[in-house]
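Here's the structure we're looking at; comments come further down.
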Amino acid sequence: MRLRPVMGGSLSQPTPPDLGVILLLFLLLLQLDPMKAMEDQTQTQETANNFCSEETLRPSPYAASQCFLSCNRSTPKCKPEVIERFWIKKEEELANETSSVRFLDESTVKATVHEVLVNSSQDLFFSTSPFQVPAVLNENETEVPNKVHLPRSLFERLRPKMNSVRVILMVINIGEGELFKGSATGQKFSSSVMDNHMIGIRVGTEPIKDLDEPVEITFSHKQQHQNLQCVFWDISQGIAGDWKSTGCSTELRTNQTVCRCDHLTFFALLLNPVLDATTVKTLIQISLVGCGTSLCFLLFTIIFYFVLRFTRERFKSEDAPKIHVALCISLVLLNFTFIINLEHTPPKQRAPCRAQGGIFHYFLLCCFTWMGIEAFHLYLLAIKIFNIYISHYFLKLNLVAWGLPFLVVLITGSTSSYGHYAIKDGDNHTTLQLCWIENTTALYITVHGYFIVIFLFGGVVLSLVAWKIFHLRGSKAGKEQNQTWKGVITVLGLSCLVGGTWGLVLLTPIGLTTIYAFTLLNSLQGVFIFTWFAILFYPSLSGESSSSTAKSNPSHSASRE
């Protein structure tokens, strides 16, 4: 794309320092008279109220730029829509051929104006760094992190009407106040604009829409755990604008998001928090109901086991039922402490909160360990299948299951990692506070890493068992074709024992649906275990069905205490 150089200097004024802000900072740093600081701050707010009006903004881009810093919740007389309209009109003025302004370099607004020959056969690229005036990129410079790509087809549609056209690129820092928020971002616990930056694109004086080839805006950012959405500022519904996504698509890349839109206007990348206040409240209610239900069924499972132990002789020597019940006991303790943690406000004192967080962490690791032991025992029975004797087998399993988590919690506590843990939304508002692990490194190692090791081991064992079940049924195709569903139920039942429902946590970054699925299914793990336990060991089962079940779901151990 060939650019016609345009002569002319900048009409933008140099940005002088904000003396009120500098003075206030010095007063705070030197710890001088706080009343004097409050007086200076009040004077600054009153000044903002005076110059953030439509009359004072009209002749001065500098004044409008300063209003981005001053127009916030502390200046109620400032009208955000006035400043928003000012910059939209300013973009239109820059596109007018009578304007001699070629760039703006204010503290909050960077803009550049280029005149482009429409008969060129090349695409046009601009860099859009938040701290620099947008610049044209040549073919060897297009791999910049933040850029705008204007396709040549956009200019071809203008060829019958003109020989050249003005292209305006504007980068605006909308700040932390009320500007360019709209209904999507103006509410508490809601969306926010990525890095508080928006990109304005204009070609010519007339609006351009319904492009055959979309314009591309690339935003670079760190890895986000929120939903990203490409949006544009829509003023068609009235004086107050709003963010809309019509005509725009979002492509997520590693540390980048590409927005493709079929029109030109002001664009931004919207952060939609996955866990806003309403979602967190709903998830807590689901968790409480599910955990309460699981507690009841887990207690039924434990009672059921002891009833069978005193009525059926083989239960006294079998290890599989003991392991199932030990897992149930650890889940009972975990659910009980989890409900207490959610239902009660965390203690303000650090010591009780650290103790509460450590106890919850301990029972969580105990559950993970017993799930790993379930997978290990299943491996001995279904994969290794040789007659293995391990002296004091169940006693050793208990030492590992209850002792290893204690060691991990002891080390974690010695590093002062427990304390008040807050879950925040995209606007940095606290949606939930718990006594948990404050140290991020300790959290990833002792919870995420610990679980992933257990889950992967259980997944490998379960896959081998599933292959064995269906492979054996496949070799008897003529005899047991109608038994396939039993194999599916077997695998699902075993997955509950080895932590299959917990594995859904790995899918939660996909979106809100998987978060709800994880919360619901995981909180009902006790119900699934009770159902599985009843199917396996209900006394009224015939000897033949018990034998058949044992073959596909080995519950007998070759090792004894």
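The values are calculated or read from the model by the stated rules, or taken from the named source; none is laboratory data. Note that the structure is predicted; figures quoted are calculated from it, not measured. Cβ coordinates were reconstructed from backbone atoms using ideal geometry, including for glycine residues, and neighbour counts include every protein chain displayed. Just the protein is used for accessible areas: all its heavy atoms, side chains included, with ligands, DNA and RNA removed. Shrake-Rupley method; radii C 1.70, N 1.55, O 1.52, S 1.80 Å.
Here are some notes:
- Local net charge near LEU308, Cβ-Cβ under 15 Å (Lys/Arg +1, Asp/Glu -1): +2
- GLU81 accessible area, assembled protein chains, probe 1.4 Å, Å²: 60 Å²
- Sum of side-chain charges, ARG354 neighbourhood, beta-carbon under 14 Å (Lys, Arg +1; Asp, Glu -1): +1
- FRET efficiency, ASN140 to ARG309 (Cβ-Cβ, R0 56 Å, nearest 0.05): 0.15
- Where trypsin sites (Lys or Arg not before Pro) fall in DSSP loop in region 254-319, at most 16 other Cβ within 10 Å: ARG312
- Estimated Rh, region 276-538: Kirkwood, alpha-carbon pairs, angstrom: 19.9 Å
- Where HIS149, HIS114, HIS448 fall by accessible area, highest first, once all protein chains stay in place (1.4 Å): HIS448, HIS114, HIS149
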